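Working notes for the structure below.
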Amino acid sequence: MQDQKMYVSKEGLERFKQELEDLVNIKRKEIIERIERAKELGDLSENAEYAAAKDEQAFTEGRIIELRDMITRAEVINGDGRVDLVRVGSKVKVKNDDMETEYEIVGVAEADPLTGKISNESPLGRAFLGKKRGDKVQVQVPKGMFTFTILEIS
């Protein structure tokens with residue numbers, strides 16, 4: 001695991017904690033029961049139900065480790081209301097050519113570009129961080145070089 005902080009919203013951290021609790025207290029028990037039922041069916045070498053349950057157990061244990069690491073490294077984005085600079089947690093309205101778009105700068109774990117939530121570690125997110133209203137930002141993305149003007153920060 002890493003020592004690097006992972007930025008996350010308060011709501012995102014709560015979702016991670018709830019998922020971890022569900023996996024540890026509910027899902028683990030369900031998988032153990034599936035494994036026990038599958039063992040009763042006999043020969044484990046040709047038991048598809050047993051193999052599937054063991055695969056699910058491995059995936060679940062991996063996710064538990066991942067969530068514990070994320071929660072340990074989580075740094076909650078503090079909505080301090082400052083809008084002078086773009087920072088993690090900011091909503092940024094930008095203009096590119098004649099098109100205006102709004103992005104929310106979030107941590108990697110909550111990034112969802114299709115809904116406008118971009119990671120602070122993405123090329124676009126990194127380019128916006130530390131910028132002020134009115135700044136022009138050039139960003140190299142897979143489609144080429146783009147210039148954005150920051151219109152609003154909230």
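The values are calculated or read from the model by the stated rules, or taken from the named source; none is laboratory data. Since we're looking at a predicted model, the values are computed, not measured. Note that we place each Cβ from the backbone using ideal geometry, even for glycine, and neighbour counts take in every protein chain shown.
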Quiz item: Which of (1) of a type in the set (Asp, Glu); (2) surrounded by 14 or more Cβ atoms within 10 Å (Cβ to Cβ); (3) not in a helix (DSSP H, G or I) is the odd one out, the single condition ASP3 does not satisfy?
Solution: (2)
Quiz item: How many residues are more than 18 Å from LEU13 (Cβ to Cβ), touching a Gly at 6+ places or on another chain (Cβ under 7 Å) and either surrounded by fewer than 17 Cβ atoms within 10 Å (Cβ to Cβ) or touching a residue at least 40 places away in the same chain (Cβ under 8 Å) (or both) when one looks only at the stretch 88-133?
Solution: 1
Quiz item: Considering only the stretch 133-151, how many residues are at pLDDT below 95 and either among the charged types (D, E, K, R) or under 22 Å from ILE77 (Cα atoms) (or both)?
Solution: 1
Self-check item: Selected residue (only one of ARG37, ARG28 is at pLDDT 95 or above and either assigned to a helix (DSSP H, G or I) or assigned by TED's automatic domain parsing to the domain that holds GLY107 (or both))
Solution: ARG28
Quiz item: Tell me, which strands (runs of 3 or more DSSP E) lie completely within the stretch 98-149 with 3 or more residues that are among the polar types (S, T, N, Q) and on the phi > 0 side of the Ramachandran plot?
Solution: none
Quiz item: Inside the stretch 23-45, can you point out the residues that are free of Cβ contacts under 8 Å to residues at least 24 places away in the same chain, of a type in the set (A, V, I, L, M, F, W, C) and in contact with a helix residue (DSSP H, G or I) (Cβ under 7 Å, 6 or more places away or on another chain)?
Solution: ILE35, ALA38, LEU41, LEU44
Exercise. Mind listing whichever residues of the stretch 7-17 are over 17 Å from THR60 (Cβ atoms) and either surrounded by 19 or more Cβ atoms within 10 Å (Cβ to Cβ) or modelled with pLDDT under 90 (or both)?
Key: TYR7, VAL8, SER9, LYS10, GLU11, GLY12, LEU13
Quiz prompt | Hits in the stretch 135-153 (condition: touching a Ser or Thr at 6+ places or on another chain (Cβ under 7 Å) and either of a type in the set (D, E, K, R) or surrounded by fewer than 17 Cβ atoms within 10 Å (Cβ to Cβ) (or both)) | solution = LYS136, GLN138
Quiz item: For ASP55, are the conditions met, namely being part of a helix (DSSP H, G or I), surrounded by fewer than 17 Cβ atoms within 10 Å (Cβ to Cβ), touching a residue at least 60 places away in the same chain (Cβ under 8 Å) and in the same structural domain as GLU14 (by TED's automatic domain parsing)?
Solution: no
Quiz item: Yes or no: LEU20 buried (at least 16 other Cβ atoms within 10 Å of the Cβ), over 30 Å from SER154 (Cα atoms), within 25 Å of the chain's Cα centre (by Cα) and outside the structural domain of SER119 (by TED's automatic domain parsing)?
Solution: yes
Quiz prompt | Residue check, VAL83 among the hydrophobic types (A, V, I, L, M, F, W, C) and either farther than 29 Å from VAL24 by Cβ or not in a loop (DSSP other than H, G, I, E, B) (or both) | solution = yes
Exercise. From (1) free of Cβ contacts under 8 Å to residues at least 12 places away in the same chain; (2) of a type in the set (Gly, Ala, Ser); (3) touching a helix residue (DSSP H, G or I) at 6+ places or on another chain (Cβ under 7 Å), pick out the condition that doesn't hold for ALA48.
Key: (3)
